[in-house]
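These notes concern the structure reproduced below.
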Amino acid sequence: MTQIETDFVVVGSGIAGLMTALSLQESGDVLVISKARYEESNSFRAQGGIAAAIGEGDSPELHREDTLRTGVDLCDPTSVEVMVHMAPRTIQLLAEWGTPFDQTNGHYSLGREGSHSVSRILHVAGDQTGAGITASLLERAKQSDQIDLITHTMVADLLIEQGQCRGVKTFDLKGKPTIILARKGVVLATGGCGQLYRYTTNDLVVTGDGFAMAHRAGAALTDMEFVQFHPTALAVEQNPMFLISEAVRGDGAILVNDHEEAFMEKYHEWKDLAPRDVVSRAIYRETQAGRQVFLDATQIQANFSDRFPKIFRECLKHGIDPRKDLIPVTPAAHFIMGGIRTDLEGQTTVPRLFACGEVACTGVHGANRLASNSLLEGAVFAQRVANKLASLSPQKSDLLTFDYPDLCMDKQKEETWKAQIREIMWNHAGIVRTLSSLLAGLKQLKQLEEEIPLGFIECHNMLTTAQIMIKSACWRQESRGGHYRFDYPETVTEWSRKHYVI
């Protein structure tokens, strides 16, 4: 078995992973591991933008208020404070590192999205912000002598010795095992778990691996009941589903049903720019009543094909012209607010194991993430993770012996089981939940767990993460943000500031 050594191991090549690696390059050798191609991450798929208080009439304090309000009394105020105050400098750093943010007359173009009180969203090429930022970071990482990038390599598990994280176990495409030791520490930047759901905007690689590995290593996870369902995925059968960015509603598009009724005013005073959980449940209720839901973008004054070129091309592919046709939309699993519990430097409860980006729970999102705070969180806390890691002294370097799982590579069986997990989670732990449905889902997941051989690593990661999410959802006997219990529909003051830690 091959065994290699480096200073830092970063698992994941999205914005959090690449920002961490670039921020660490002057402190030692960095190895970035990607499960598939570099571009296969949610960061590359992100359309809407990145939020920062850099415009006239805006301030970090206002950004903080919007974030806290949207998080429904569950955010960590200190974490939010850190993020909003680091945001302007982070935008400057991303621009210096090559991100071509959209500009108008020499100033950054700022859009508005749901639950933001002012326009503060920066974009790249209209609706390709994630790809624009991540491609710039990737290009810079490729040019660094201190950063090595490995693709198509699955991290099977973390190496834990005497309570500390020592490195990772990996498999390449052919199933060849390699142990990678980290002298200073390991960073999980593996993204979320959207592929646990039948309908999702998440990339195929996003199967909850980081949560499951951290759990097996003994790290604490928290707030795993809070899943954000994006209201407006393009309602055509595909996986992942194509996202119709919230920026389209920010520019004036409205939701209508098949009676051509603009229904959002029935559900929230902010109408189509209400928080995402409110909009998703409103669409869910319309569809449960037998109505189809569409996005009417025909009223947008700007040229749709210029403002949203990627969305325009995707709609045309399916025979929809947004300039004159209604766009069919449906909610889809998009983001998880919970994750591996970390401090303000990304340190988990396991020494020398760090987490950053969607896989981490820094506390900035609370029960519901404010639109366009996700890319920002990854970029901000990556810098803090790197700063802390760089200060650590190296661990002793010696040859280690670890058990290694046998890898199962029957893709047909794997996809069949994955489809079953997605169906269970969508039906039993989706937009609207009840205790009886959650418990029924948990029972089905346990049965699958006994059936699937351990060598199907992704399947077992999905099962582990799914069961943690359902247990968390059973515990919270109220509705708050992305967690809605039909049997406990009210938001209860006594549950404010309460967190379920596994």
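The values are calculated or read from the model by the stated rules, or taken from the named source; none is laboratory data. From a predicted model like this one, the values you see are computed outputs, not experimental measurements. No Cβ is skipped: glycine too gets one built from the backbone with ideal geometry, and neighbour counts run over all protein chains shown.
Summary table
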| quantity | calculated |
| --- | --- |
| Criterion: more than 29 Å from Leu149 (Cα to Cα) and within 19 Å of the chain's Cα centre (by Cα) - qualifying residue of Glu113, Glu65 | Glu113 |
| Looking only at segment 451-502, and only at residues there that are of a type in the set (S, T, N, Q) and either part of a loop (DSSP other than H, G, I, E, B) or in contact with a helix residue (DSSP H, G or I) (Cβ under 6 Å, 6 or more places away or on another chain) (or both), the one that is nearest to His428 (Cα to Cα) | Gln467 |
| Filter result for Ile160 (touching a Gly at 6+ places or on another chain (Cβ under 9 Å) and surrounded by fewer than 23 Cβ atoms within 10 Å (Cβ to Cβ)) | yes |
| Segment 323-375: number of residues that are in a loop (DSSP other than H, G, I, E, B) and over 26 Å from Asp306 (Cβ atoms) | 23 |
| Segment 394-415, subset of a type in the set (Ser, Thr, Tyr) and in contact with a Lys or Arg (Cβ under 8 Å, 6 or more places away or on another chain), residue modelled with the lowest pLDDT | Ser397 |
| Scan of segment 362-398 for residues that are under 30 Å from Ile431 (Cα atoms) and hydrophobic (A, V, I, L, M, F, W, C), ordered by number | Val364, Ala367, Leu370, Ala371, Leu375, Leu376, Ala379, Val380, Phe381 |
| Condition met for Leu173 (without any contact (Cβ under 8 Å) to a residue 40 or more places away in the chain, among the aliphatic types (A, V, I, L, M), assigned by TED's automatic domain parsing to the domain that holds Phe354 and surrounded by fewer than 23 Cβ atoms within 10 Å (Cβ to Cβ)) | yes |
| Unmet requirement for Met462, which otherwise passes all of (1) under 24 Å from Gly175 (Cα atoms); (2) touching a residue at least 12 places away in the same chain (Cβ under 8 Å); (3) surrounded by fewer than 21 Cβ atoms within 10 Å (Cβ to Cβ); (4) not β-branched (Val, Ile, Thr) | (3) |
| Test result for Glu261, of a type in the set (D, E, K, R), farther than 21 Å from Ile431 by Cα and either at pLDDT 95 or above or assigned to a strand (DSSP E or B) (or both) | yes |
| In segment 118-139, the residues that are touching a Phe, Trp or Tyr at 6+ places or on another chain (Cβ under 7 Å) and closer than 16 Å to Ile33 by Cα | Thr134, Leu137, Leu138 |
